[in-house]
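Accompanying notes for the structure given below.
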Amino acid sequence: MNIAKLREDAVLKEEDHVGFVWRDREITNSEYLSQSRKLVSVLKDLGVKQGDTIIVQMANCIEVLQAFGAIWRLGAISVPINYMMNEEETASIYKDCGAKLVISSKDHLPKISAAQKISPEMKTVLLIDEEIIEDTLCFHQLIDNATEETHIVETQDDDVAALIYTAGTTGKSKGVMLTHYNLWINSKMQFESLIMPHGMTNITILPLCHSYGIAVANSGLFRKRSKSVILDTFDLETILSSIEKYKVNFIALVPTMYVFLTFFPEPKKYDLSSMKYWMCGSAPLSLDTWNTFKQMYGGQIIEGWGLTEAGANNACNPVDKRLKKVGSIGLPMKGTQIKIIDFDGNTMEQGQQGEIILKSPAVMKGYWNNPEETDKVLIDGWLHTGDVGHVDEDRYYWITDRKKDLIIKGGENISPKTIEEALHHHPAIMEAAVIAIKDDVYGENIKAFVSPAPKQTITPEQVIEHCKKNLSSFLVPKEVVILDALPKNLVGKILKKDLRQIK
């Protein structure tokens, strides 16, 4: 099975249908397919072969989806990476995945150059910009002069199609290996679980560098006459005006985006009557936001949940007239098993707290170059999520805590270690620990605890100022607490569970 072949079969049934809108330009399925086929010729001429990894590093645009299609047709592996990562994180992914070619834009050249210093095998930089830039190749110029390559490499169900890096609690990103079968079955499970009509138009605003982008790329496998309006920046006017202009029916956002929508001063400015499905995931959504949004826009936000390690869509509240439970992650997708276990692996009863684990044909093959971490989370066919929660009397699942220390702010995963390391760089700080706190806007935010070095003093204001100089604004703690010493266990490990009790 090659996911590109299945996608092409679906596209050829609707060649003249407008499948995408990018910067107000309507793109038919046949045009999309033609560009992907030409890109295959370009990549082949550049030496790309089956099994190679190719990095896709850019903001939302039609070229991202064309790249996915071409890469899969070759039997190669797409590596979509978060273009907002810093140079060190970007370089680490380059080195780990071993890619020799990147498709990107000139905006990201500084990070690409920095990554090439530790990954000298990265020789080819293909940029989507119109201008010719030294030591790079022009994506569109090459495609314009290329012929269409109609052959699609035959791949096995278990062959890796996408390598998606996700932050871990240790601070080092791990590459999630999703196979061609994983991608196909995940799309099928979503289609069968979310009972929605064909012919829908959606807005694609969540980053295509995430697993969400993979889902968008494969959305046409089962849904007929679908259309994606691709947006590259989160701008409320653009989103709302696009809903009106294109009669959008479906949008997926993270809680922070819904919070900002509740601050929009003119909720009745645009005609949103076409909207049917306001989807939400990636982080907790507050009840206040849900209620305020419904009052302002009339729509009900539908919450779901998933992990990149399992295709990113594993549970959701019903989209039809069945019961929706605000604050819950809903019901498991069809073909997905979820259960709650204690620390000894015993299944917990209804209402009892425990770790959420799941089993699904969409679960990853494993972590790239990391069998040890794979073995920690894949046990007897079950994916151990690290989330803590319970199941209620109606079999709806609820997440109440997080076993892992990962902070999810505005839908973005943040490793506490990244911030802790920056804090440790201050000469007056001896110890530092970072935890998540609830936040009405971002879902979660950052709280730092520090203890001063001997004969040193430091204030929360000084800590914040230090972080502003050494971290991006998104990673600066919202709150800082100074303690004489941080709580530790017998072997000296800082007890974050104790820190969470400190107000």
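Key figures
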item	result
Computed E for residue 141/residue 296 - FRET, C-beta separation, R0 45 angstrom, nearest 0.05	0.45
Test item: Cα-centred dipole of segment 307-457, Lys/Arg +1 and Asp/Glu -1 on Cβ, debye	440
Average accessible surface area per residue within segment 363-499, 1.4 Å rolling probe, Å²	51
Eligible lysines near residue 503 by straight Cα distance, threshold 16 Å, same-chain separation 8 or greater	438, 447, 478
Using a Förster distance of 41 Å, the FRET efficiency for residue 276-residue 485 (Cβ separation, nearest 0.05)	0.15
Cα-based shape type of segment 1-97, given that a ≥ b ≥ c are square roots of the gyration tensor eigenvalues and the cut on a/c is 1.5	oblate
Identified option (computed mean projected area of the Cα convex hull in nm²; candidates (1) 24.5; (2) 29.9; (3) 22.7)	(1)
Segment 360-455 shape via C-alpha gyration tensor axes, a/c threshold 1.5	oblate
Sites residue 425 and residue 117 - FRET efficiency at Förster radius 30 Å, r taken between beta-carbons, to 0.05	0.85
Rounded, prolate or oblate (a/c below 1.5 giving rounded, otherwise prolate when a/b exceeds b/c) for segment 86-168 by Cα gyration tensor	oblate
Heavy-atom accessible surface of the chain: percent carbon and sulfur, 1.4 Å	50
Cross-link reach list, lysines versus residue 247, counting only Cα pairs under 17 Å and skipping chain neighbours closer than eight places	224, 227, 268, 269, 276
Segment 211-271 - accessible surface per residue (Å², probe 1.4 Å)	40
Inter-site label distance for residue 26 and residue 370 at 7 Å from Cα along Cβ, in nm	4.4
Candidates per GluC sites (Glu not before Pro) in segment 276-384, loop by DSSP, up to 13 other Cβ within 10 Å	349
Proximal aspartates and glutamates relative to residue 339, as straight alpha-carbon distance under 18 Å, when same-chain residues fewer than 8 apart are discounted	309, 349, 355, 380, 387, 392, 393, 394, 401
Dipole of segment 297-372, positive end: most advanced residue of 328, 351, 302 [Cβ charges, Cα centre]	302
Gain on full stretching of the segment that runs from residue 353 to residue 470 - 0.36 nm per residue minus C-alpha separation	38.3 nm
Percentage relative contact order, segment 406-503, counting C-alpha pairs under 8 Å, at least six apart	26
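The values are calculated or read from the model by the stated rules, or taken from the named source; none is laboratory data. These numbers were taken from a predicted model, which means no experiment stands behind them. Cβ coordinates were reconstructed from backbone atoms using ideal geometry, including for glycine residues, and neighbour counts include every protein chain displayed. Heavy atoms of the whole protein, side chains included, go into the accessibility calculation; ligands, DNA and RNA do not. Shrake-Rupley method; radii C 1.70, N 1.55, O 1.52, S 1.80 Å.
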